[in-house]
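We did not get these values from a lab; they are worked out from the coordinates using the rules stated. Owing to the predicted nature of the structure, the values given are computational and were not obtained by experimental measurement. Counting neighbours? That spans all protein chains shown, and the Cβs are built from the backbone with ideal geometry, glycine included.
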Ligand code: GTQ
Ligand code: FE2
């Protein structure tokens, strides 16, 4: 007997043979399907519903991770697991429950909580994956991007385009946790990754703890770019978007709404997008980042879009509905919105549980992958608004 004789037919093929719209199964037809299988051929009609659905059918599931339990587990890893060359980072990824145990929050996006103990350094490296950090609590870590130490504080957003050298160091006497977002699953899927190790130790100069990075001094002036650098570049040169600026932009949007001037996306819902000052477009080639502020008592209209998002509650509390799931959320909680799945958010923030008196949320998504390929679509359920 040869290997071919012992091959068992796949269930997919048998289903098609017996399918409702298919001709009666004859020995000839069975033989034809056997032939397809041995020749490694798959007829479209056996797979079309899955391969070419009428609209996106995400493999990912809406899911919520509570901040408390993330911080507890990462804190314990801080005590037990060293950070250094090889493992590179003490970063622990959110694994979507329906993505086969892979460390993927969504089919395209990595979201992780990263932790550094006092005095610890995470070694220098670079990679094609685009990345950012977002800080929901604490401070004292500087991320060193291209030898430029950049402070990380609560509410700061720190993008870092692919192939920039980077390391992190905790200059404080307390541990610090923050979240990372990267396009690791996307680049794994399209097989585009490159990775280089940098130096094992940071220099004394890079251990400096300036309040403003070189990048911020050059690029961090609203509406102004240095003429010497006046050329569009993919991946923002600004390495830190300060909380003070984000907070002021959101507060002004809501205040203007009260004065009858447009600016919000819908009543009580202010949104800002982080942009690259050289292109006025998304900060990273593959990742969009936005910040939402929802006035207490307001509820967003159910909305869906192609592509997936991860949200982190920055402040306040509320009720979030994603597809057929619904959760109460508070500071630090992270949740996933799969492609073409309805999202609506009701703010239940009270002045006592939030600085702004509103529900504040950080969002990142894979929207640039979709916009660049003309695949972005969004839809709002207006009548329910
Ligand atoms: O901080 O450089 O969560 O390279 C995953 C990969 C963080 C980082 C992650 C990384 C980093
Ligand atoms: Fe990295």
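Some observations on this one:
- Folded to 0 to 90 degrees: helix 27-38 orientation relative to the chain principal axis, Cα: 40
- Size of region 212-277 from its Cα atoms: along the principal axes, largest to smallest, the extents are 41, 23, 17 Å.
- Relative to the current alpha-carbon distance between residue 280 and residue 252, full extension at 0.36 nm per residue lengthens the span by 8.0 nm.
- Scaled radius of gyration (Cα, divided by 2.2 N^0.38 Å) that the chain gives: 1.14
- Its DSSP H runs of at least 4 residues, each contributing -39,500 (n - 2.57), put the calculated 222 nm mean residue ellipticity of the chain at -5500 deg cm²/dmol, to the nearest 500.
- For the pair residue 214 and residue 98 in one chain, pulling the backbone fully straight at 0.36 nm per residue adds 37.5 nm over the alpha carbon distance.
- Whole-number percent relative contact order across region 218-352, with pairs defined as alpha carbons under 8 Å at least 6 apart: 20
- Distance in nm between pseudo-label sites at residue 125 and residue 163 (7 Å out along the Cβ direction from Cα): 1.9
- With Cα atoms, 0 to 90° folded angle of helix 243-258 axis to the chain main axis: 80
- Degrees between helix 67-80 axis and first principal axis of the chain (Cα, 0 to 90, nearest 10): 80
- Relative contact order [Cα under 8 Å, 6+ residues apart], the chain, whole percent: 15
- Where only C-alpha atoms are counted, convex hull volume of region 276-385 per residue in Å³: 105
- Ordering of 88-96, 271-279, 50-58 by burial proxy (mean other Cβ atoms within 10 Å per residue, highest first): 88-96, 271-279, 50-58
- Ordering of 337-347, 306-316 by burial proxy (mean other Cβ atoms within 10 Å per residue, highest first): 306-316, 337-347
- Region 123-264 - Debye-derived log10 I(q)/I(0), Cα point model, q = 0.18 Å⁻¹: -1.13
- If R0 is 41 Å, the Cβ-Cβ spacing of residue 231 and residue 22 corresponds to a FRET efficiency of close to 0.10.
- Burial order of peptide ranges 216-229, 149-162 (average beta-carbon count within 10 Å, highest first): 149-162, 216-229
- Computed over region 104-173: relative contact order in percent, which uses C-alpha pairs under 8 Å that are six or more apart: 41
- Distance (nanometres) between label positions extended 7 Å along Cα→Cβ at residue 375 and residue 32: 3.3
- Computed extension gain for residue 44 through residue 76, at 0.36 nm per residue and net of the alpha carbon distance, reaches 6.5 nm.
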